[in-house]
Amino acid sequence: MKQKTTLHRTAWIAVGLALLFVPFVAHAQAPPSTGAGELERDWNFRIGVFVPQSQTARKVMGTVGISGIVERTVFNSRSYEINVGIGYNGMGNSYSVPMMGYIVGKTGSIRYGVGAGYSFNRKLNGQGSDDAVIGLLLGYRFTGAPYHLSLDARYNFIAGTSNQLDGLGVTLGARF
């Protein structure tokens, strides 16, 4: 019963976070002549699921948690881009909030990359910690899709947490 309740709560939180992005979608439709500033472009919003690596973490947090990322593309070329942002991976009282920079290569529709940064965490025992984080990314860009949709699988390795908060986030994202 607990796992079913956790899954329902995860679904409702994901829907709520998705609804937060509705104003950004409307704002992205504004014509360029409105004088949109530099900081109002190239934002990526991602929402999806998080699966902890540790079996102990899955018992405490639940099998599936939430993964959400807000990042900005600060450099974009045909072959790669550089993104910086903040995310959330976890559920309930155990989570990580990584602030990371990613270098993302692009080959056709395939995205791949590596990232590094710093993460603010709450471990399974309720203790807070701040540690370095390294991430790997493999994704797919849907060519021709509105808002530059992409599907990413990102795996984060967080130092100092005994693998409690390491795990895979699978997210669907859009760029505005």
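I need 124, 165, 172, 39 ordered by Cβ neighbour count within 10 Å, fewest first.
39, 172, 124, 165
Viscosity 1.567 mPa s, temperature 4 °C: give me the Stokes-Einstein translational D for segment 45-174 in µm²/s, with Rh taken as the Kirkwood radius over C-alpha pairs. Intermediate results must be reported in sequence, preceding the final value.
Details: Rh = 14.7 Å.
The diffusion coefficient I find is 88 µm²/s.
Let's see if you can work this out: charge +1 on each Lys and Arg Cβ, -1 on each Asp and Glu Cβ, no other charges. What is the dipole magnitude of segment 51-176 about its Cα centre, in debye to the nearest 20? Numbers along the way, then the final one.
Values: 11 positive and 6 negative charges, 51 e Å.
Magnitude of the dipole: close to 240 debye.
So the label point goes 7 Å from the Cα of residue 153 along Cα→C-beta, right? Which residues of segment 104-129 then have their backbone N under 16 Å from it?
110-114
In whole Hz and in residue order, list the ³J(HN,Hα) couplings for segment 79-92 that follow from phi through the Karplus curve 6.51 cos²θ - 1.76 cosθ + 1.60, θ = phi - 60°; x for Gly and Pro.
In residue order, the calculated couplings are 9, 7, 9, 10, 10, 10, x, 10, x, 8, 9, x, 6, x Hz.
A short reminder: the numbers here are calculations on the coordinates, not readings from a lab. Worth saying up front: this structure is predicted, and the values here are computed from it rather than measured. Using ideal geometry, Cβ is built from the backbone for each residue, glycine included, and neighbour counts are taken over all protein chains shown.
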